[in-house]
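Input: a single structure, listed below in structure tokens.
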Amino acid sequence: MKIIIINGPNLNLLGKREPEIYGQQTFEDYFTGLKNKYPNIELVYFHSNIEGELISKIQEAGFIYDGIILNAAAYTHTSVGIGDAVKAISTPVIEVHISNTFSRETFRHQSYISANAKGVIIGFGLKSYELALQAFLS
């Protein structure tokens, strides 16, 4: 099985950015642990702060991977383009968020991705990624 994790803006700052919300672990350290825990799965990681690069990666991965775990971060709430990219591909997408977006600012309650995602996992910290991975495995 081949799964790609695609992360959007500011997630490269995990471990530094608002640790009371996002924790103190870097995503790179978390990803290394995830790969070690699931050695039989080909896990790939991509990050960009740029909306167009995220769309291009979704389009590229959307016909060759078995699953996409997508945390579009702030673009979740603003990007019709990312939502359209998810709708246009055949690979299933699970939308994830580290924090409970519904316990935060009102603008974070809207997602342009959810309607076209296989599922949504919100609010379990970095564990949200593993929960998405487990959903693909079951």
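The values are calculated or read from the model by the stated rules, or taken from the named source; none is laboratory data. Computed from a prediction, not measured in an experiment: that's the story for all the values here. Methodologically, a virtual Cβ is constructed for each residue, glycine included, from the backbone with ideal geometry; neighbour enumeration extends over all protein chains shown. Remember, those area values only see protein heavy atoms, side chains included, never the ligands or the DNA or RNA. Shrake-Rupley method; radii C 1.70, N 1.55, O 1.52, S 1.80 Å.
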Using +1 at the C-beta of Lys and Arg and -1 at the C-beta of Asp and Glu, which of Asn116, Asn12, Ala88 has the Cα lying farthest in the positive direction of the dipole of the chain? Asn116
Measuring from its Cα centre, the chain shows a charge dipole (+1 at each Lys and Arg Cβ, -1 at each Asp and Glu Cβ) which, in debye to the nearest 20, is 200
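Please give the peptides 53-64, 26-37 ranked by average Cβ packing (other Cβ atoms within 10 Å per residue), highest first, as a rough proxy for protection. Before the final figure, lay out the partial values.
Working: 53-64: 16.9, 26-37: 15.0.
Final packing ranking: 53-64, 26-37.
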What is the distance in Å between the Cα centres of segment 112-138 and segment 32-84? 12
If you roll a 1.4 Å probe over the chain with all protein chains in place, what percent of the accessible area is carbon or sulfur? 51
Leaving out ligands and nucleic acids, note down the accessible area per residue over the chain with a 1.4 angstrom probe, in whole Å². 48
q = 0.21, 0.22 Å⁻¹: log10 I(q)/I(0) that the Debye formula gives for the chain, counting C-alpha atoms only: -1.39, -1.54
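Once you order the gyration tensor axes a ≥ b ≥ c over the Cα atoms, which shape class does segment 76-138 get: rounded for a/c under 1.5, otherwise prolate or oblate by comparing a/b with b/c?
Oblate is the answer for segment 76-138, as a/c is 1.5 or above yet b/c matches or exceeds a/b.
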